[in-house]
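Report on the structure given below.
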Number of protein chains: 2
Amino acid sequence: MPNPTLSDVAQAAGVSYATADRVINNRGNVAQKSIEKVREAVTRLDYVRNVAAANLSRKRVYRLAFLIPKGTNAFFNRIKHHIASVAEQMSVENVSVDVFEVSAFSVDGLSDSISEFGQLDFDGVAIVGLQSESLEGPLVDLRSRGVKVIGLVSDLPREHRAAYIGIDNIVAGRTAARMTGLAHAGQAGAIQTFVGSMDARDHTERLDGFRAVVSEDYPQLDVLEPILTKDDPSFLYAQTTKVLTRAPNVTALYNVGAGNSGLVAAIGNQPAKRPFCVVHELVAHSRQALIDGHIDLVIDQRPDIEVNRAFTMLRALIDGRDLPPLPDLMPTIYVRDNLPADPLNQKTKDQN
Amino acid sequence: MPNPTLSDVAQAAGVSYATADRVINNRGNVAQKSIEKVREAVTRLDYVRNVAAANLSRKRVYRLAFLIPKGTNAFFNRIKHHIASVAEQMSVENVSVDVFEVSAFSVDGLSDSISEFGQLDFDGVAIVGLQSESLEGPLVDLRSRGVKVIGLVSDLPREHRAAYIGIDNIVAGRTAARMTGLAHAGQAGAIQTFVGSMDARDHTERLDGFRAVVSEDYPQLDVLEPILTKDDPSFLYAQTTKVLTRAPNVTALYNVGAGNSGLVAAIGNQPAKRPFCVVHELVAHSRQALIDGHIDLVIDQRPDIEVNRAFTMLRALIDGRDLPPLPDLMPTIYVRDNLPADPLNQKTKDQN
DNA sequence: CAGAAAATGATTGACGTCCATCAAATTGCA
DNA sequence: TGCAATTTGATGGACGTCAATCATTTTCTG
């Protein structure tokens, strides 16, 4: 009645424990006939290996790694923070975590990093990826070493990763557009968009999604050509100021990328009624701007959940388990009223 | 360097393994002096018991239970569905789960159920609670039996539960109001509210939050007195129809409670431009209504996440572990563009 | 200071798996 | 048929903890 053990399986299969063990851990030197008998018994008894006991026995340490873009980007700092926090918690369960910072958004840099990294001996790695065939070589190499690879936040080429954990950026852009449309209440308007780089796939996808919804459902709105910002706050500051002072017809601002501190500062300087304002990613700046009423909405991808799921997924992959069907990660909409308490600004409170 | 074992602790404390074991499992018959020596070593070495090994040894089975209101309410069906799904997954880890259906929203019924339930032998229970002193007796009894109790979705009296897992309904109401305010784009309007029962704390809290934000930030909006619906779809249908046909000044509808299928049906019958429309909880009806464009927003409390967290929390409480600081659960805003795939209507897909 | 009570140490067998070793049985092939 | 190769079985020691037993040692009490 309780979960069957491998001994039960062996008995049911009519072989010795040793043989059953050879089969399920495929150690070789087993006759095909025995393999089948054991397999049959496994499915019949619904045996699943007791991972806890197995780990205990072999003193397994899960060696996990994260490859994260280096730099001071607030969003990735938040990611790193979450990784560290979960990692600490996981150390009790024999999980070791290393974070490698790779040169941001450079295909060559990432490719090299993956190659170097491949020399090390990890069980699984979550990579903030890029779409490029030149990653193929290093990734194939990783797989051949038995390293489990997942894409995090930004996907890798589909064929070379076991899973992707992150939002669909088209959906994110659509969501931003939907909210912007609603906030116009049927009135006409013009939306100034800002984009970090037209080479960044997530940025262009958001923009595409945004445009699609506006043209589908809000034809009275005009999506202006995006201003290229390189995610630079000071540049955003200048450009936003210019828009606010010289383009009174603009009824909404939508920043697809980062650098929001500049945008917020520009708005803060403007006494008059401001346009409707949507940005991405809840970080210190955007959070404060919401509270101060300088912006209206933040579309967030919940990096905390993503990081958690990355750990869960990697462990499952490494164990060869399968996971229950997890719901897709969807962009979360924050207004000033449903902000989670800021973990950085509050004392870690007890959990009773 | 790896995690210290109890043997290490014993050695460091200068006592035998047996004594150290007596201390950490408080089996009694230990001198105060030894207790202190062991405690000191525990903190010094940063020992934490290997739960996997412990469970393996004692063949522990976590007996968990959920007390959920009985009935056909779509939201609680969703909750039950999630519980079953997670339970299946957990059975591998020696967790057994029972769901008890209690007569909905009746203090006496709940009180009786808890009392009966107390006779059984569970380790932990998550209860969809009510605020009432008459629950005190049964809950105290549970605690005295060593059963860990948490409130789920709707809280229990604070002193008699170890944790609450659910959203803050004032926040949920505030969020609904914020969105409604934005969707008016500065124009005046009147909002018809619907409430299931003025006795249901969650309903009144949402209403309070809603009213607060409107009066703070959207004075041009008029929150009309709520229509009492008893969460009855056919009643909601009739009332909604009446509002739509006879109150052209109404610019928004906000249903605090359940029974949305009636509301949606009424809107579907109405060819003309409809008011802005916000409801709570993403279930089959509300989901479809979003897709069909019959409503604009769903404020959801993510029962899947709540259920997951309930399991995590109960296990931690039972093990006497403490948890990493978990972020507060915040109401999630859904529009038609950021809906998660419907798990009920899609084949469970593989997770690669 | 003796005798009882309390505290401690030492040890052992689970739990389910991994991994290694060695002997025995079965097969293949010349 | 005989010898080697392959396949099996049996076993034992980890892993870290729980729980129990029994023999000692220490402490308390009259």
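Descriptive notes on the structure:
- Only one entry in B:Gly151, B:Gly186 is among the small types (Gly, Ala, Ser), within 14 Å of another protein chain (Cβ to nearest Cβ) and farther than 19 Å from B:Ile305 by Cβ, namely B:Gly186.
- Checked against the criteria, A:Ala266 counts as over 22 Å from B:Ala176 (Cα atoms), part of a helix (DSSP H, G or I) and in contact with a Phe, Trp or Tyr (Cβ under 6 Å, 6 or more places away or on another chain).
- Applying a threshold of 6 Å to beta carbon distances and a minimum spacing of six or more residues, or different chains, the list of pairs starting in segment A:57-85 at a residue that is touching a residue at least 40 places away in the same chain (Cβ under 8 Å) and under 20 Å from A:Val125 (Cα atoms) and ending at one that is within 16 Å of DNA strand D (Cβ to nearest atom) and not in a loop (DSSP other than H, G, I, E, B) reads A:Tyr62/A:Val95; A:Arg63/A:Ser96.
- Some residue of segment A:294-306 being touching a residue at least 24 places away in the same chain (Cβ under 8 Å), surrounded by fewer than 15 Cβ atoms within 10 Å (Cβ to Cβ) and in a loop (DSSP other than H, G, I, E, B): no
- Qualifying positions in segment A:319-337 - over 26 Å from B:Asp342 (Cβ atoms) and open to solvent by 30 Å² or more (accessible area, probe 1.4 Å): A:Asp319, A:Gly320, A:Arg336
- Taking segment A:294-329 as the range and being at pLDDT below 95, touching a strand residue (DSSP E or B) at 6+ places or on another chain (Cβ under 8 Å) and within 10 Å of another protein chain (Cβ to nearest Cβ) as the test, the residues that pass are A:Arg302, A:Met313, A:Leu317, A:Leu329.
- Of the residues making up segment B:49-67, those that are aliphatic (A, V, I, L, M), within 30 Å of the chain's Cα centre (by Cα) and at the interface with chain A (Cβ under 9 Å from one of its Cβ atoms) are B:Val51, B:Ala52, B:Val61.
- Residues in segment A:102-133 that are without any contact (Cβ under 8 Å) to a residue 24 or more places away in the chain and small (Gly, Ala, Ser): A:Ser106, A:Gly109.
- Among the numbered conditions (1) in a helix (DSSP H, G or I); (2) away from DNA strand D (no atom under 16 Å from the Cβ); (3) at pLDDT 90 or above, the only one that A:Glu88 does not meet is (3).
- Figure legend. Inter-residue proximity from segment B:277-292: first residues in a helix (DSSP H, G or I), second residues small (Gly, Ala, Ser) and open to solvent by 10 Å² or more (accessible area, probe 1.4 Å), beta-carbon distance below 6 Å, spacing 6+ or different chains. Indicated pairs: B:His285/B:Ser261.
- When segment A:259-281 is filtered for residues that are within 13 Å of another protein chain (Cβ to nearest Cβ) and open to solvent by 10 Å² or more (accessible area, probe 1.4 Å), the ones remaining, listed by number, are A:Lys273, A:Arg274, A:Pro275, A:Phe276.
- Once segment B:90-110 is narrowed to residues that are over 17 Å from B:Val153 (Cα atoms) and open to solvent by less than 50 Å² (accessible area, probe 1.4 Å), the residue that is farthest from the other protein chains (Cβ to nearest Cβ) is B:Gly109.
- Listed conditions (1) surrounded by 13 or more Cβ atoms within 10 Å (Cβ to Cβ); (2) more than 16 Å from DNA strand C (Cβ to nearest atom); (3) more than 14 Å from every other protein chain (Cβ to nearest Cβ) are all met by B:Ala87, apart from (3).
- If the condition is being under 29 Å from B:His81 (Cβ atoms) and within 16 Å of DNA strand D (Cβ to nearest atom), then segment B:53-71 contributes B:Asn55, B:Arg60, B:Val61, B:Tyr62, B:Arg63.
- The one condition from (1) within 24 Å of A:Arg321 (Cβ to Cβ); (2) away from DNA strand C (no atom under 16 Å from the Cβ); (3) small (Gly, Ala, Ser) that A:Ser106 does not meet is (1).
- Screening segment B:11-29 for residues that are under 42 Å from the mean Cα position of the chain (by Cα) and among the aliphatic types (A, V, I, L, M) and picking the one that is nearest to DNA strand D (Cβ to nearest atom) gives B:Ile24.
A quick yes/no check of all residues on (1) open to solvent by 10 Å² or more (accessible area, probe 1.4 Å); (2) within 14 Å of another protein chain (Cβ to nearest Cβ); (3) not in a loop (DSSP other than H, G, I, E, B):
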position	(1), (2), (3)
A:Arg143	yes, yes, yes
A:Leu156	no, yes, no
A:Ala172	no, yes, yes
A:Ala176	no, yes, yes
A:Gln192	yes, no, yes
A:Met198	yes, no, no
A:Glu205	yes, yes, yes
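The values are calculated or read from the model by the stated rules, or taken from the named source; none is laboratory data. Keep in mind the model is a prediction, meaning the values are calculated, not measured. Virtual Cβ from ideal backbone geometry, glycine too; neighbours counted across all protein chains shown. What goes into the accessible areas is simple: the full protein's heavy atoms, side chains included, and nothing from ligands, DNA or RNA. Shrake-Rupley method; radii C 1.70, N 1.55, O 1.52, S 1.80 Å.
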